[in-house]
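Report on one structure; see the data block that follows.
The values are calculated or read from the model by the stated rules, or taken from the named source; none is laboratory data. Source: prediction; values computed, not measured. Note: ideal-geometry Cβ built from the backbone for every residue, glycine included; neighbour counts use all protein chains shown. SASA here: full protein model, heavy atoms, side chains in, ligands and nucleic acids out. Shrake-Rupley method; radii C 1.70, N 1.55, O 1.52, S 1.80 Å.
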Amino acid sequence: MTGPRGVGKSSLISALIRELTQRGHRVAALLVDPSSPTSGGAVLGNRVRMPYLPDEVFVRSIWAESERSVPLRAAVSIELLEAAGYDYVIVETPGAGQVSTDTLRISDLVVVLMPLLGDEVQVIKAGMMEIGDIYVINKSDIPESELMYSYVKSLVKGKPVIKVSALYGTNLGELVNAVNQLLSSRRASGEQLKRRVERRRFVVEEALRELLEARLRSSLSKIHPSVLVERPNLIPEVISSLKASLVKSLSGGP
Ligand SMILES: Nc1nc2c(ncn2[C@@H]2O[C@H](COP(=O)(O)OP(=O)(O)O)[C@@H](O)[C@H]2O)c(=O)[nH]1
Ligand SMILES: [Mg+2]
């Protein structure tokens, strides 16, 4: 679930959690937002802003020392939660920046929440009109939402556009049905599997990158800077020897 700050992502997730748990599903929610004040490892920090959560709902902020590692942590968490039997893993991300872009790439389905103000729509139009699978006009209790609904419908021709109010719990069933419908047609067409293969590929690539970076840092830290200046070829040499040792260890060699 993505969209600019203040559109009501957290509120809608909280309302969806209620809707889905009432239908008997196990639900988890992840907040992937490096600029969030609840980042920094605050376990359950986000529960504070979701007052109606049943105890059995899993809610966490995703955090890592390095911002670049956040999407990898998110992808691994999604995989683990799915393996643990959660029916829905809802991910909140603000939509701007690399962390958000990667997070949307590793999701099965992207729900975009549209702002009600025209100029904000112009700002997010560029990136958001391709990435979304379902578009949501939240705050349908506010009259301006009607205009935005017609506008967005004309923008995203063919994709579902759904009006909801997270505040009053209006039309949540319609949103859940649209999500389920899309997921099951993707399961049937093989699209779902393709996306999951992509997610695993992302996990493997990012994990390898982190491993290589850590090894490179540690190798270079053992070399005195003056030696690096005198022998500029040393860095590429270190990189190739690291690559060779990694390939060896991955193929089960010594
Ligand atoms: N009127 C109205 N306000 C809402 C609705 N959903 C959320 N809000 C308000 O919008 C503000 C931002 O909500 P929040 O969920 O924190 O947005 P986020 O930044 O996208 O996670 C809060 O003050 C909410 O109470 C809604 O359906 N109707
Ligand atoms: Mg939020």
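At a glance:
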read-out	value
Which numbered condition ASN46 fails, given (1) outside any loop (DSSP other than H, G, I, E, B); (2) at pLDDT 90 or above	(2)
Checking GLU19 against (1) open to solvent by less than 50 Å² (accessible area, probe 1.4 Å); (2) near ligand 1 (Cβ under 10 Å from one of its atoms); (3) modelled with pLDDT of 80 or more, the condition it does not meet	(2)
Cβ pairs under 8 Å, 6+ apart, first in segment 83-110 and free of Cβ contacts under 8 Å to residues at least 60 places away in the same chain, second assigned to a loop (DSSP other than H, G, I, E, B)	GLY85/ARG26
Qualifying residue in segment 222-232 (condition: over 16 Å from ILE134 (Cβ atoms), surrounded by 13 or more Cβ atoms within 10 Å (Cβ to Cβ) and out of contact with any Gly (no Cβ under 9 Å at 6 or more places or on another chain))	yes
Counted residues, segment 87-98 - those being outside any strand (DSSP E or B) and either open to solvent by less than 10 Å² (accessible area, probe 1.4 Å) or more than 16 Å from ligand 2 (Cβ to nearest atom) (or both)	2
Positions within segment 151-188 being assigned to a loop (DSSP other than H, G, I, E, B) and open to solvent by less than 80 Å² (accessible area, probe 1.4 Å), in sequence order	VAL156, LYS159, PRO160, VAL164, ALA166, GLY169, ASN171
Candidate set from segment 189-221 (those that are loosely packed, with under 11 Cβ neighbours inside 10 Å and hydroxyl-bearing (Ser, Thr, Tyr)); member that is modelled with the highest pLDDT	SER189
